[in-house]
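Take a look at the structure set out below.
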Amino acid sequence: QAKDKGKNGYCVYHPGAAAYLDTRFMIENDLHEALTSNQLQLHYQPQFTTSGRTLVGFEALLRWHHPKLGWISPAEFIPVAEDTELIIPIGEWVLEQASRQLVEWKQVKSDLKISVNLSGQQLKNEAAINRMIAILHASPLARGDIELELTESSLPETTESIRIRMQLLLEAGFLLALDDFGTGHSSLFYLHNFPFTRIKIYRGFIERIKSRSDSQALIRTMVAIAAALDLGITAQGVESEEQLGILSAIGCDLVQGLYLGEPMSADEAQALFEQ
Ligand code: C2E
Ligand code: MG
Ligand code: MG
């Protein structure tokens, strides 16, 4: 089977090979069971203020340990979950799990926040959105404790119903971040038409921040857009001190990336703010 160990220790399957279809079939078949037999886990990547490097919260990232295939990256199984609508129960599981974790952690650090990724498919489903709101309301969490991240490329074509659902999520107390900003076909259109509270800059821009001056100029512009629209702005994929220095000079408010902390288990995450 065409596979090797990826950067994060995941199995990477090469599309094009016959094995790819087998794997995709296996993923699709086994994803149901992943949810019911505790094969899914959340890892948490810390987010810091750029200026003071103070921990402000974590992004919850899904991990799947498949009994035969080992660790499978969300980049591989989330698209399958989206095609099969399994993203709805999986997304609810993630939100429930992350909320419970945050309730527990806030007893130690009361101002901690959590970000949860939301698929565009979830936004298309009105009942699913209502259940998410019910999960938040059933928890003792405060307004603004949970931010939902929507990846630009996963956003449905704008329709009034999507905008209204986002507004309902905001009114319920969620914050809304536009993830991977700058990768979609209509980044500014999304900002203009949907009620986001934060922008997360796509890590490709951060990656080239040193070698390409146009990349720095684009980031400066994104920070200016965020300021003009009164939105928060996070840089993701920060991998060096040098990148952090430039982002700090530009005035990006939050940072996240391997240089500051990789996605880690709940216990490791807790150790970060318990000391
Ligand atoms: P994302 O939301 O943009 O998450 C950031 C991804 O970048 C994560 O990959 C993280 O491990 C990785 N990363 C963090 N710091 C760095 C860095 O410094 N350099 C580099 N090169 N990468 C870094 P991961 O965990 O594999 O997740 C991939 C994507 O899968 C996420 O991208 C998100 O779109 C999706 N995803 C993960 N969990 C969920 C979930 O619960 N629900 C949904 N709908 N999607 C999820
Ligand atoms: Mg994200
Ligand atoms: Mg991203």
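Evaluated against (1) closer than 22 Å to D145 by Cβ; (2) more than 15 Å from the chain's Cα centre (by Cα); (3) of a type in the set (D, E, K, R), E92 falls short on exactly one condition, (2). The set of residues in segment 163-205 being open to solvent by 50 Å² or more (accessible area, probe 1.4 Å), more than 24 Å from N130 (Cα to Cα) and either part of a helix (DSSP H, G or I) or within 13 Å of ligand 1 (Cβ to nearest atom) (or both) consists of T183, L188, F189, H192, Y202, R203.
Tallying residues that are hydrophobic (A, V, I, L, M, F, W, C), over 30 Å from S110 (Cβ atoms) and open to solvent by 10 Å² or more (accessible area, probe 1.4 Å) within segment 140-162 yields 1. Among residues of segment 29-64 being outside any helix (DSSP H, G or I) and of a type in the set (G, A, S), the one that is nearest to ligand 1 (Cβ to nearest atom) is A60. Among the residues making up segment 206-224, those that are part of a helix (DSSP H, G or I) and open to solvent by 40 Å² or more (accessible area, probe 1.4 Å) are E207, S213, D214, Q216, A217, L218, R220, T221, A224. Out of the residues in segment 32-84 that are in contact with a helix residue (DSSP H, G or I) (Cβ under 8 Å, 6 or more places away or on another chain) and of a type in the set (S, T, N, Q), which is surrounded by the most Cβ atoms within 10 Å (Cβ to Cβ)? Among those that are in contact with a helix residue (DSSP H, G or I) (Cβ under 8 Å, 6 or more places away or on another chain) and of a type in the set (S, T, N, Q), it is T50. Scanning segment 262-272 for residues that are in contact with a Leu (Cβ under 7 Å, 6 or more places away or on another chain) and either crowded, with 19+ Cβ neighbours inside 10 Å or not in a helix (DSSP H, G or I) (or both) yields one hit, P263. When segment 104-121 is limited to residues that are modelled with pLDDT of 95 or more and part of a helix (DSSP H, G or I), the one that is surrounded by the fewest Cβ atoms within 10 Å (Cβ to Cβ) turns out to be E104.
The values are calculated or read from the model by the stated rules, or taken from the named source; none is laboratory data. Keep in mind that this is a model prediction, so the values were computed, not measured. No Cβ is skipped: glycine too gets one built from the backbone with ideal geometry, and neighbour counts run over all protein chains shown. These area figures cover heavy atoms from the full protein model, side chains too; ligands, DNA and RNA do not enter into them. Shrake-Rupley method; radii C 1.70, N 1.55, O 1.52, S 1.80 Å.
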